[in-house]
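Accompanying notes for the structure given below.
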Amino acid sequence: FYMDQTEVANVDYLEYLYWLRRVFGEDYPGVYLKALPDTLVWREKLAYNEPLVENYLRHPAYHFYPVVGVTWEQANEYCLWRTDRVNEMLLIQEGVLDYDPDQKNENNFNTEAYLAGQYEGLVNQPLQDMDPSGTGERSVRLEDGILMPKYRLPTEAEWEFAALGLIGNTMYNRVVERRIYPWNGNYLRTDQKKYYGSFVANFKRGSGDYMGVAGNLNDGADLPAPVGSYWPNDYGLYNMAGNVAEWTADVY
C-alpha cells in the first residue's frame, strides 16, 4: 500500500473546505459546516491559547502545520473527496473531461457516479469503444488503469507497519533488530555526527514542559511542528512518532 509522506497539513484541508463552500455553500451550507474542524481543541484551563484558536487553522503562518481537531468521520470524508478530485484531474489530463470550475451541488464530479454512468458534467472526448456491437464511444472504466482506487485511512496494522519502517533492519527477508520507535534505539536523539544529540521527534517531555531548554535539549516545537520536520523513517515517512495523533481506519 502507499502512504502519504507527511500528515495532512492545514493548507490541504483548507483546499477541501474552500471546495465545499464553493460547491455547496449557497444551497447546502450544512455540508461545509459539517466539515469544519473543532478549533476549540486548543482551549485548556489556565492556558492562554486563544491565538491558536483563532489562527492555527487559517493563518498562512500555520499552512504547513498538521490539521488538528478533525473527527474520524471528517477524515474519512476528506479521503473520499480527495479520491474524486484526483480522478477528476486524471480524466482531464487524458482529455476525457473538460475542466469545470462551475460545479454546483449535485453537479460535481464523483468517481462512483461516473463509473455507474450517472455523471452528466463536461465530457470532452469519451474513449473509443472497441466492441463492434457498441456505439463507438464509452466512458472510462476502472479496468483501463486511468482512475485511482479510493484514498482511505490505513488500518491499525498498516499504520504500525509503516511507522516502524523495518525495511532498514531487514537482511535477506529477516528482521535482524526490532524497534520501539520509527528509528533504532530506545532514545529520542540522533547519533549522526553532524546533528549529534538533536531530538528526532516532537514530544512532550513532562507536565508543562513541551520543549525542554535551549540548545540541543530542545525539540524545537512547543506546538505541533510543520509536517516535514525532523528525520523521516526508512520508508521516507515523517512524524510517525510524536507531533500529533493520527487516525486509523479501525480500532485496535
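Nothing in this text is a laboratory measurement; each read-out follows from the coordinates by a stated rule. All values derive from a computational prediction rather than experimental measurement. So basically every Cβ, Gly included, is an ideal-geometry build from the backbone, and we count neighbours across all protein chains shown.
Taking only Cα atoms of the chain, what ratio of Rg to Rh do you get with Rh as the Kirkwood inverse-distance radius?
1.05
Could you give me the percent of Cα pairs per 10 Å distance bin for the range 151-252, shortest bin first, beginning at zero and ending with the bin that holds the maximum distance?
Values per bin, smallest distances first: 14, 41, 33, 11, 1.
Mind giving me the FRET efficiency for Ile92 and Leu115? R0 is 25 Å, r the Cβ-Cβ distance, nearest 0.05 is fine.
FRET efficiency, Ile92 to Leu115: 0.90.
Tell me the label-point distance for the pair Asp131, Ala61, using the 7 Å Cα-to-Cβ offset, in nm and rounded to one decimal.
5.9 nm
Name the most mobile residue of Glu88, Glu44, Glu158, meaning the one with the largest mean-square fluctuation, in a Gaussian network model of the chain with Cα contacts below 10 Å.
Judging by the Gaussian network model, the answer is Glu44.
Just how large is the dipole of the chain about the Cα centre, in debye to the nearest 20, putting +1 at every Lys and Arg Cβ and -1 at every Asp and Glu Cβ?
Dipole size: approximately 1280 debye.
Looking only at trypsin sites (Lys or Arg not before Pro) in DSSP loops with at most 16 other Cβ atoms within 10 Å, what is the longest site-free stretch of the chain?
The longest uninterrupted stretch comes out as 59-140.
Along the Cα→Cβ direction, 7 angstrom out, place labels at Arg174 and Phe1. What is the inter-label distance in nm?
With each label point 7 Å from Cα toward Cβ, the separation is 2.9 nm.
Counting only other residues whose beta carbon sits under 12 Å from that of Gln125, what net charge do I get with K and R as +1, D and E as -1?
Surrounding charge for Gln125 is -2.
Around Arg205, what is the net charge, scoring Lys/Arg as +1 and Asp/Glu as -1 over all other residues with Cβ under 11 Å from its Cβ?
Once all neighbours under 11 Å are counted, the net charge is -2.
For the chain, what is the mean residue ellipticity at 222 nm derived from helices alone (per DSSP H run of n ≥ 4: -39500 (n - 2.57); sum divided by total residues; nearest 500 deg cm²/dmol)?
After summing the helix terms and dividing by the residues of the chain, the value is -7500 deg cm²/dmol.
Starting from a Cα-only point model with no solvent, please compute log10 I(q)/I(0) by Debye for the range 1-111 at q = 0.11, 0.14, 0.22 1/Å.
After summing over all Cα pairs, the log10 values are -0.43, -0.67, -1.31.
Which value does Rg/Rh take for the range 67-128 over its C-alpha atoms, Rh per Kirkwood?
Using only Cα positions, Rg/Rh for the range 67-128 is 1.04.
Over the range 178-223, calculate the relative contact order: mean separation of alpha carbon pairs under 8 Å at least 6 apart, over the residue count, as a percent.
26 percent
What's the extension gain from Glu44 to Phe161 if we count 0.36 nm per residue and subtract their Cα-Cα distance?
Roughly 38.7 nm would be gained on extension.
Have a look at Asp222, Asp84, Asp131 and tell me which one the Gaussian network model of the chain (Cα, springs below 10 Å) gives the largest fluctuation.
Of Asp222, Asp84, Asp131, the Gaussian network model singles out Asp131 as fluctuating most.
Roughly how tilted is helix 10-24, in degrees to the nearest 10 and between 0 and 90, from the longest Cα axis of the chain?
30 degrees
Find how much the distance from Cys79 to Arg141 grows on full extension, using 0.36 nm per residue of separation minus their present alpha carbon separation; answer in nm with one decimal.
Roughly 20.2 nm would be gained on extension.
So what is the relative contact order of the range 149-198, in percent, for Cα pairs below 8 Å that sit 6 or more residues apart?
Averaging sequence separation for qualifying contacts and normalising by length gives 22 percent for the range 149-198.
Obtain the nm distance between the two label points defined at Glu54 and Lys150 by a simple spin-label model: each point lies 7 Å from its Cα along the Cα-to-C-beta direction.
So the two model labels end up 4.1 nm from each other.
Kindly list the residues of the range 55-69 that lie in the label zone of Leu36, defined by a backbone N under 17 Å from the point 7 Å along the Cα-to-C-beta vector.
55-59, 68-69
Which whole-number percent is the relative contact order of the range 72-131 (Cα, under 8 Å, 6+ apart)?
34 percent
What is the log10 of I(q)/I(0) for the range 210-252, computed with the Debye formula using one identical point scatterer on each Cα and no solvent, at q = 0.16, 0.23, 0.25 Å⁻¹?
Relative scattering, expressed as log10 I(q)/I(0), comes to -0.53, -0.89, -0.97.
Can you spot the lysines whose alpha carbon is less than 27 Å from Lys194's alpha carbon? Ignore those fewer than 8 places along the same chain.
Lys204
On a 0 to 90 degree scale, rounded to 10, what angle separates helix 72-93 from the longest Cα axis of the chain?
50 degrees
In terms of modelled amide H atoms, which long-range or inter-chain residues lie less than 5 Å from the amide H of Ala9?
HN-HN under 5 Å from Ala9: Val67.
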